[in-house]
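Peer 1: Here's a structure for you.
The values are calculated or read from the model by the stated rules, or taken from the named source; none is laboratory data. Every value quoted in this text rests on a predicted model; they were computed, and no experiment measured them. With ideal geometry, Cβ positions are generated from the backbone for all residues, glycine too; neighbour counts draw on all protein chains shown.
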Amino acid sequence: MDDQTCTVDQLKDQIRCFVQERDWEQFHTPKDLAIGLAIEAAEVLEHFRFQSETEIAAKLAEEASLKDIGHELADVLYFVLLMCDRFGLDAATTLREKLAISAARYPVAQARGNNRKYTQLPHKES
């Protein structure tokens, strides 16, 4: 399975099975899941810390480094999907809702090419 053939629900099922086989549900409190997510996200950051843009580009061109970064991203995705599953959240619906909120906060006319937070965007008169 790959991104073209796998559903979010199938990924959640794989994670659920993985966790159940190891009897890890008992360790998956909301607090501990959130901590796990933050730790895994920090491990992604480690690949880029104190690196220049040139060094990062070189690292991303190396297959082994890219694979390592991908595995860290997979750990982040694991925790995101596990949390969605545990909390009864539909990941696709939640993402779609959040994108709609972000689209309203970041209208194309004000946000295009601008990396400011929505509260700092220039407001254009209608």
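Peer 1: Find the residue count for segment 1-12, including only residues that are more than 15 Å from residue 80 (Cβ to Cβ) and either surrounded by 15 or more Cβ atoms within 10 Å (Cβ to Cβ) or charged (D, E, K, R) (or both).
Peer 2: Number of matching residues: 2.
Peer 1: So for segment 84-95 (the condition being charged (D, E, K, R) and part of a loop (DSSP other than H, G, I, E, B)), does at least one residue qualify? Don't jump to the end; show me each part of the working.
Peer 2: Going through segment 84-95, the residues charged (D, E, K, R) turn out to be 85-86, 90.
From what's left, part of a loop (DSSP other than H, G, I, E, B): 90.
Yes, because at least one residue in segment 84-95 is charged (D, E, K, R) and part of a loop (DSSP other than H, G, I, E, B).
Peer 1: Does any residue in segment 113-126 that is more than 15 Å from residue 102 (Cα to Cα) come within less than 6 Å, Cβ to Cβ, of a residue that is of a type in the set (Gly, Ala, Ser) and at pLDDT 70 or above six or more places away or on a different chain, and which pairs are these?
Peer 2: 124/109
Peer 1: Right, something else. Here are some conditions: (1) surrounded by fewer than 13 Cβ atoms within 10 Å (Cβ to Cβ); (2) under 22 Å from residue 9 (Cα atoms); (3) within 14 Å of the chain's Cα centre (by Cα). Residue 23 meets all but one. Which one does it not meet?
Peer 2: (3)
Peer 1: Tell me whether segment 37-47 contains one or more residues that are surrounded by 15 or more Cβ atoms within 10 Å (Cβ to Cβ), in contact (Cβ under 8 Å) with a residue 40 or more places away in the chain and out of contact with any strand residue (DSSP E or B) (no Cβ under 8 Å at 6 or more places or on another chain).
Peer 2: Within segment 37-47, one or more residues are surrounded by 15 or more Cβ atoms within 10 Å (Cβ to Cβ), in contact (Cβ under 8 Å) with a residue 40 or more places away in the chain and out of contact with any strand residue (DSSP E or B) (no Cβ under 8 Å at 6 or more places or on another chain).
Peer 1: Would you check which residues across segment 48-59 are assigned to a helix (DSSP H, G or I) and surrounded by 13 or more Cβ atoms within 10 Å (Cβ to Cβ) and list them?
Peer 2: 56, 59
Peer 1: Right, next: Might you check whether a residue that is without any contact (Cβ under 8 Å) to a residue 60 or more places away in the chain and among the aliphatic types (A, V, I, L, M) occurs anywhere in segment 15-23?
Peer 2: no
Peer 1: Scan segment 97-125 residue by residue and report those that are basic (Lys, Arg), within 30 Å of residue 9 (Cβ to Cβ) and exposed (fewer than 11 other Cβ atoms within 10 Å of the Cβ). Break it down into steps so the answer makes sense when it comes.
Peer 2: Applying the first criterion (basic (Lys, Arg)) to segment 97-125 yields 98, 105, 112, 116-117, 124.
Now restrict to residues that are within 30 Å of residue 9 (Cβ to Cβ): 98, 105.
Across segment 97-125, the qualifying residue is only 98.
Peer 1: Next question. Among the residues of segment 86-119, count how many are within 30 Å of residue 28 (Cβ to Cβ) and either modelled with pLDDT under 90 or among the aromatic types (Phe, Trp, Tyr) (or both).
Peer 2: As a first pass, look at segment 86-119 and keep what is within 30 Å of residue 28 (Cβ to Cβ): 86-102.
In the following step, the residues that additionally are either modelled with pLDDT under 90 or among the aromatic types (Phe, Trp, Tyr) (or both) were identified as 87.
Counting residues in segment 86-119 that are within 30 Å of residue 28 (Cβ to Cβ) and either modelled with pLDDT under 90 or among the aromatic types (Phe, Trp, Tyr) (or both) gives 1.
Peer 1: Given the conditions (1) modelled with pLDDT of 95 or more; (2) surrounded by 13 or more Cβ atoms within 10 Å (Cβ to Cβ), which single one is not true for residue 64?
Peer 2: Condition (2) is where residue 64 drops out.
Peer 1: Next question, about the same structure. Kindly indicate which of 31, 67 is under 23 Å from residue 2 (Cα atoms), assigned to a helix (DSSP H, G or I), out of contact with any Ser or Thr (no Cβ under 9 Å at 6 or more places or on another chain) and not polar (S, T, N, Q).
Peer 2: Unique residue meeting the criteria: 67.
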